[in-house]
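**Student:** Below you'll find the structure I mean.
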Amino acid sequence: MKKYFNKTIFKLIFVFGIIAVVAFGVTRAFFSDTETSKDNVLQAGKLDLQIDNTSYYNGAPSPETSWELNDLTDQLFFNFLDLKPGDWGEDTISIHVDDNDAWACLDISITEDDDESCNEPELKDDPTCDDPDLDPDDGELAGFVNFIFWADDGDNVLEADEVESIFKKGDVDEVFNGQKIALSDALGGVLGLGGPLEGGTTYYIGKAWCFGELTTSPVAAGQGVDPTVDDGITCDGSGLNNAAQTDKVLVDFEFSAYQHRNNESFTCSGERPSITPTVSITVSPTPPLSCQNADVMLVLDRSGSIDSGEMASLKTAAKSFVDTLALSASGNHAGQSSFSTTGSLDHHLTDNPVSLKVAIDALASTDWTNLKEGIDYAKGELDNPGDGHDRPDVSSPDKMVIITDGNPNRPLSPPAPDSPDVAAANAATAAKGAGVEIFVVGIGSDVDATYLTNSIASAGAGHYYSADYSGLQTILDNLDLCNGD
């Protein structure tokens, strides 16, 4: 090894001497470098909104109204030409933006509700029918087909999960009213994302319809399979007559997406989001310590006696009330039920005010006044039977705040064993017996103050009265939920 090493040194010295002789002639080539940048590109990105649909009709797959992801070219969400009372359907719409983050809006509008013709059975229940004529809006079908829309997890089944809150419900005239729905914008949106749709991610909207009276029957959270197994709703067409025979309804769906980047303040409504300064906010009145971990259920009247302006005032006041509760994980929690011909649980108890206010905004007025079921749904949520929807109900006082502008007139008696007012009173008694404190706000001249005070409200909680909906917010903002503790 030593000999090899020496030999190597000798050779290096020898070579060095040769290089010394010729180095001047090759310096330019030896100390040079070449780099090439080819095909430099400026190419615009893309924002491509695509929709697909998975559809079921009366619990069976509907290939005619299902399709793969595309641009909604000649695609139909419904195309059912022989509806019968009690028919129903469910769809899951998936929304996909590729490949930039985007805000998204939905506009659903009715374009025709027409008496196509007038047969003899129809004329008996719709004597004004005089078709064919040139009036596309003289039909009755839109008032008999009811819808719900909710944010879905992709299984096509309404589940008892606060993430799957219903954001739109009512008959065709109420739901397909041409008002833009913010799926996601700078003010929030019904998908509850807290930001834009992410490029390359799929989001789901569930919708169900019923030719008749639609009642929600959500399955357990995470347990939905598909509508051939779990429907999530019930549909009753027994109350319909012949007035809608031969009628046809046409509906348009319009989805739109808008780039998020450099457009952070976009809203579907055109409303400019306000910039809230960082300030210390004191809730007034400040709940006493004993009420800072209450479970509060709003029970809201959505019967047909409430017009659109009154409904807007009801929503504003209810959302303001949610703000005064200052919801938090260890503090107050709130949820919401509502009632018209039937009751519904619209939002589980939660510490998330955003999703709760979305549920309040989804209210639509229609039909009758079933106070009993509104109370029953609220009580069931406050009972919290280990269903995992909210914290264990151990030390949290249970409160119920009912807002109504009329007297109970549903469920009907018979077949119900009690009259509507007795049924509601019995439901209130059962709730109070379970430890729920009930507050009642009556609106307008049609309410029976004596009945609401003596049969519905808790002793000491009382019944509050407002001549119209304009005074509701003041009542709620000053409501002391702890006066009975």
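Bear in mind that the values in this text are calculations on the coordinates, not laboratory data. Model, not experiment: these values are computed from the prediction. No Cβ is skipped: glycine too gets one built from the backbone with ideal geometry, and neighbour counts run over all protein chains shown.
**Student:** What is the local net charge at residue 217, summed over the other residues whose Cβ is closer than 10 Å to its Cβ (Lys, Arg +1; Asp, Glu -1)?
**Tutor:** Net of charged neighbours comes to -2.
**Student:** As a check on your grasp of the helix formula, calculate [θ] at 222 nm for the chain: sum -39500 (n - 2.57) over DSSP H runs of n ≥ 4, divide by the residue count, round to the nearest 500.
**Tutor:** So the calculated ellipticity at 222 nm is -6500 deg cm²/dmol.
**Student:** Roughly what would the spin-label model give for residue 138 and residue 330, points 7 Å off Cα along C-beta, in nm?
**Tutor:** Distance between label points: 6.7 nm.
**Student:** Take 69, 158, 481 and order them by how many other Cβ atoms sit within 10 Å, fewest up front.
**Tutor:** 69, 481, 158
**Student:** Give the percent of DSSP beta bridges with both residues in the chain that are antiparallel, rounded to the nearest 5.
**Tutor:** Taking every DSSP beta bridge within the chain, about 70 percent pair in antiparallel fashion.
**Student:** How many nm separate the modelled label positions at residue 446 and residue 292, each set 7 Å beyond the Cα in the direction of the Cβ?
**Tutor:** For residue 446 paired with residue 292, the spin-label model returns 4.2 nm.
**Student:** Next up: Can you give the net charge of the other residues whose Cβ lies under 10 Å from the Cβ of residue 56, counting K and R as +1 and D and E as -1?
**Tutor:** -4
**Student:** May I pose another question? Stokes-Einstein D for the chain at 20 °C, 1.002 mPa s, Kirkwood Rh over Cα pairs, in µm²/s? Write out the running numbers ahead of the final one.
**Tutor:** Working: Rh = 25.8 Å.
Approximately 83 µm²/s, per Stokes-Einstein.
**Student:** Also, quick follow-up: Count charges around residue 199 for me, please; just the other residues with Cβ under 11 Å from its Cβ, Lys/Arg as +1, Asp/Glu as -1.
**Tutor:** Combined, the nearby Lys, Arg, Asp and Glu give -3.
**Student:** For a footprinting-style exposure proxy, rank 410, 302, 261 by other Cβ within 10 Å, fewest first.
**Tutor:** 261, 410, 302
**Student:** Binned at 5 Å from 0, what are the whole-percent values of the Cα-Cα distance distribution for region 106-207, short to long?
**Tutor:** All Cα pairs, binned at 5 Å, distribute as 2, 11, 16, 17, 15, 11, 8, 8, 7, 4, 1 percent.
**Student:** Can I ask one more? As a test, work out the antiparallel percent of DSSP beta bridges whose residues both lie in region 48-259, rounded to the nearest 5.
**Tutor:** Expressed as a percentage, antiparallel bridges in region 48-259 total about 95.
**Student:** At 0.36 nm per residue, minus the direct Cα-Cα distance, what do residue 153 and residue 99 gain on full extension? Give it in nm, one decimal, please.
**Tutor:** Stretched fully, the residue 153-residue 99 segment lengthens by 17.3 nm.
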